[in-house]
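*Asks:* Just dropping this structure here.
The values are calculated or read from the model by the stated rules, or taken from the named source; none is laboratory data. From a predicted model like this one, the values you see are computed outputs, not experimental measurements. Cβ: placed from backbone, ideal geometry, glycine included. Neighbour counts: every protein chain shown. Surface accessibility is based on the protein's heavy atoms, side chains included, excluding ligands, DNA and RNA. Shrake-Rupley method; radii C 1.70, N 1.55, O 1.52, S 1.80 Å.
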Amino acid sequence: MNRLLIAEDEARIAAFLEKGLRANGFTTTVAKNGHEAVAMARSDEFDLLILDLGLPGKDGWQVLEEVRGRGERLRIIVLTAQDEVEDTVKALEGGANDYVTKPFEFTELLARVRVQLRDAAIANRKSSRETTLQVGEIVLDLLTRQVWVHHQLVDLSVKEFALTEIFLRHPMQVMSREQLLNRVWGYDYDPGSNVVDAYVKQLRKKLGSEFIETIRGIGYRLRA
């Protein structure tokens, strides 16, 4: 059963969406503000997000930016009263998969939800064999959440694993501290924190100091 997150602060619309989607076999959860939406989207419990742009706390634009900034593949349908072409273009270019304006017909929204879930299922089947990442002597298994270096299993924390995955997905690419902070810890984290440096130091101890190179004044990169 597909799980849908509805980020909508208008109780009447949220209730209408929940009733209709549940009647069509979906499991639904409502986030009443942008902060809840960002936190819930991070949990990996949902297959699709229906996102209102006019949310309190953090607006929908910020939610979209943060979710996509973390590299999450969650399907997102923007549902909003903002019907200017510029808004549609901005949302799609910002990572939304579809854009529906209010007022809307529920049957059309339902069809769009099903299309996005179908496309996501096709994409997942195509990538189902891509379960490991390898750069040199580092091998990361996305299914078992394990990492090997020189054929030796290395014990990593959740954040260390996430940081290693980013490095392996972008070998030889310089990653700034801000990029790493946003992707692993989220935009709410203090940008002045030295948490990235501390975790890189720990990774060097566990993976080997030769793998992660410091680019002075910018950030880090993984040597191929």
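*Asks:* Is it the case that region 176-188 has a residue that's farther than 27 Å from Asp44 by Cβ, open to solvent by less than 70 Å² (accessible area, probe 1.4 Å) and in a loop (DSSP other than H, G, I, E, B)?
*Replies:* no
Every residue, every condition in (1) open to solvent by 50 Å² or more (accessible area, probe 1.4 Å); (2) in a helix (DSSP H, G or I), yes or no:
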residue: His35; (1), (2): yes, yes
residue: Ile50; (1), (2): no, no
residue: Pro56; (1), (2): yes, no
residue: Leu64; (1), (2): no, yes
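*Asks:* Read through the list (1) outside any loop (DSSP other than H, G, I, E, B); (2) without any contact (Cβ under 8 Å) to a residue 24 or more places away in the chain; (3) open to solvent by less than 60 Å² (accessible area, probe 1.4 Å), then give the number of the only condition that Ser43 fails.
*Replies:* Tallying (1) outside any loop (DSSP other than H, G, I, E, B); (2) without any contact (Cβ under 8 Å) to a residue 24 or more places away in the chain; (3) open to solvent by less than 60 Å² (accessible area, probe 1.4 Å), Ser43 fails exactly one: (1).
*Asks:* Hey, another quick one. Which condition does Arg70 not pass, out of (1) open to solvent by 50 Å² or more (accessible area, probe 1.4 Å); (2) within 27 Å of Ala121 (Cα to Cα); (3) basic (Lys, Arg), if it passes all the others?
*Replies:* The one condition Arg70 does not meet is (1).
*Asks:* So, of the residues in region 209-224 that are closer than 14 Å to Asp197 by Cβ and in contact (Cβ under 8 Å) with a residue 40 or more places away in the chain, which turns out to be surrounded by the fewest Cβ atoms within 10 Å (Cβ to Cβ)?
*Replies:* Result: Ile215.
Conditions tested, residue by residue: (1) part of a helix (DSSP H, G or I); (2) within 15 Å of Ala41 (Cβ to Cβ); (3) open to solvent by 60 Å² or more (accessible area, probe 1.4 Å).
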site	(1), (2), (3)
Asp83	no, no, yes
Leu109	yes, no, no
Val115	yes, no, no
Ala120	yes, yes, no
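*Asks:* Scan region 129-172 residue by residue and report those that are surrounded by 13 or more Cβ atoms within 10 Å (Cβ to Cβ), under 20 Å from the mean Cα position of the chain (by Cα) and among the acidic types (Asp, Glu).
*Replies:* Asp141, Glu160, Glu165
*Asks:* Can you confirm whether Arg68 is out of contact with any His (no Cβ under 6 Å at 6 or more places or on another chain), without any contact (Cβ under 8 Å) to a residue 40 or more places away in the chain, in a helix (DSSP H, G or I) and more than 30 Å from Arg177 (Cα to Cα)?
*Replies:* No, not satisfied.
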